[in-house]
Amino acid sequence: MSATPFIMDHPLIQHKIALLRDKNTGSKEFRELIAEVTMLMCYEATRDLPMKEVEIETPITIAKTKVLAGRKLAFVPILRAGIGMVDGALELVPAAKVGHIGLYRDPVTHKPVEYYCKLPADIGEREVIVIDPMLATGGSAIDAIKMIKRRGAKNIKFMCIIAAPEGLNALTEAHPDVQVYCGALDDHLNENKYIVPGLGDAGDRIFGTK
Ligand code: URA
């Protein structure tokens, strides 16, 4: 049984995604919005981090309170657009390590081709959050997660800003153990495998390459 995907419906996330969709939003604002949405989404995706009880002395008394139990985190952006989400993620979890996975979509077959993978050496001991703004066919996410699992990661989540139903279904079927977090679930993919209504090419809009 796969975990039910978590579609964020927080007003701040929805508002910022609306601005991301607007074709008149320029690269600078686009990058800032991607970071802000990622930060808000990370807040939700880290909700189940384990905690431990500690005793501290407040100015008033001794108190039993909770702090993070120290489980280590790694963010793994899928190149290239995933890089745009790293700053927002690290803003919230500055101690996290960052791995990188490079895949591209073959323009003819639309299948992912691997060209780069560099992960923290202790990836097997970390909670891993794979990040990519757009979950379209799901091919890159499925392959990236396979590569990360092959290198020993056991605890993996996937976070995207916009998903297509086609990609979401494919990903949850291929990796039922991976909890998926999306900012919005859109209508469908068009004939060029772009998400509709989507926001266009996230990588081009982040890096201003169009
Ligand atoms: N990648 C993008 O950047 N946009 C899409 O719509 C689909 C894949």
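The values are calculated or read from the model by the stated rules, or taken from the named source; none is laboratory data. Since we're looking at a predicted model, the values are computed, not measured. As a convention, Cβ positions derive from the backbone with ideal geometry for all residues, glycine included, and neighbour counts pool all protein chains shown. These accessible areas exclude ligands, DNA and RNA; they are computed on the full protein's heavy atoms, side chains included. Shrake-Rupley method; radii C 1.70, N 1.55, O 1.52, S 1.80 Å.
In this structure, LYS149 does satisfy being part of a helix (DSSP H, G or I), away from the ligand (no atom under 16 Å from the Cβ), of a type in the set (Lys, Arg) and open to solvent by 10 Å² or more (accessible area, probe 1.4 Å). Restricted to region 152-174, and to residues there that are assigned to a loop (DSSP other than H, G, I, E, B) and surrounded by 21 or more Cβ atoms within 10 Å (Cβ to Cβ), the residue that is nearest to the ligand (Cβ to nearest atom) is ALA164.
Scanning for something in contact with a helix residue (DSSP H, G or I) (Cβ under 7 Å, 6 or more places away or on another chain), modelled with pLDDT of 95 or more and among the charged types (D, E, K, R), does region 132-155 turn up at least one residue? Yes: one or more hits. Within region 188-210, the set of residues being in a strand (DSSP E or B) and near the ligand (Cβ under 6 Å from one of its atoms) comprises just one member, ILE195. Under the condition of being away from the ligand (no atom under 16 Å from the Cβ) and either buried (at least 17 other Cβ atoms within 10 Å of the Cβ) or among the β-branched types (Val, Ile, Thr) (or both), which residue from region 118-146 is nearest to LEU49 (Cα to Cα)? Among residues in region 118-146 that are away from the ligand (no atom under 16 Å from the Cβ) and either buried (at least 17 other Cβ atoms within 10 Å of the Cβ) or among the β-branched types (Val, Ile, Thr) (or both), the one nearest to LEU49 (Cα to Cα) is GLU127. In summary, PRO94 fulfils each of the numbered conditions (1) exposed (fewer than 10 other Cβ atoms within 10 Å of the Cβ); (2) modelled with pLDDT of 95 or more with the single exception of condition (2). Among residues of region 175-194 that are closer than 14 Å to ILE162 by Cβ and open to solvent by 40 Å² or more (accessible area, probe 1.4 Å), those with a Cβ under 6 angstrom from a residue that is of a type in the set (A, V, I, L, M) and within 13 Å of the ligand (Cβ to nearest atom), sequence gap 6+ or separate chain, pair up as LEU185/ALA163; ASP187/VAL196; HIS188/VAL196; ASN190/VAL196; LYS193/ALA136.
Residue by residue, here is whether (1) in contact (Cβ under 8 Å) with a residue 60 or more places away in the chain; (2) more than 16 Å from the ligand (Cβ to nearest atom); (3) in a strand (DSSP E or B); (4) basic (Lys, Arg) holds:
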| site | (1), (2), (3), (4) |
| --- | --- |
| ARG31 | yes, no, no, yes |
| GLU55 | no, yes, yes, no |
| PRO59 | no, yes, no, no |
| LYS64 | no, yes, yes, yes |
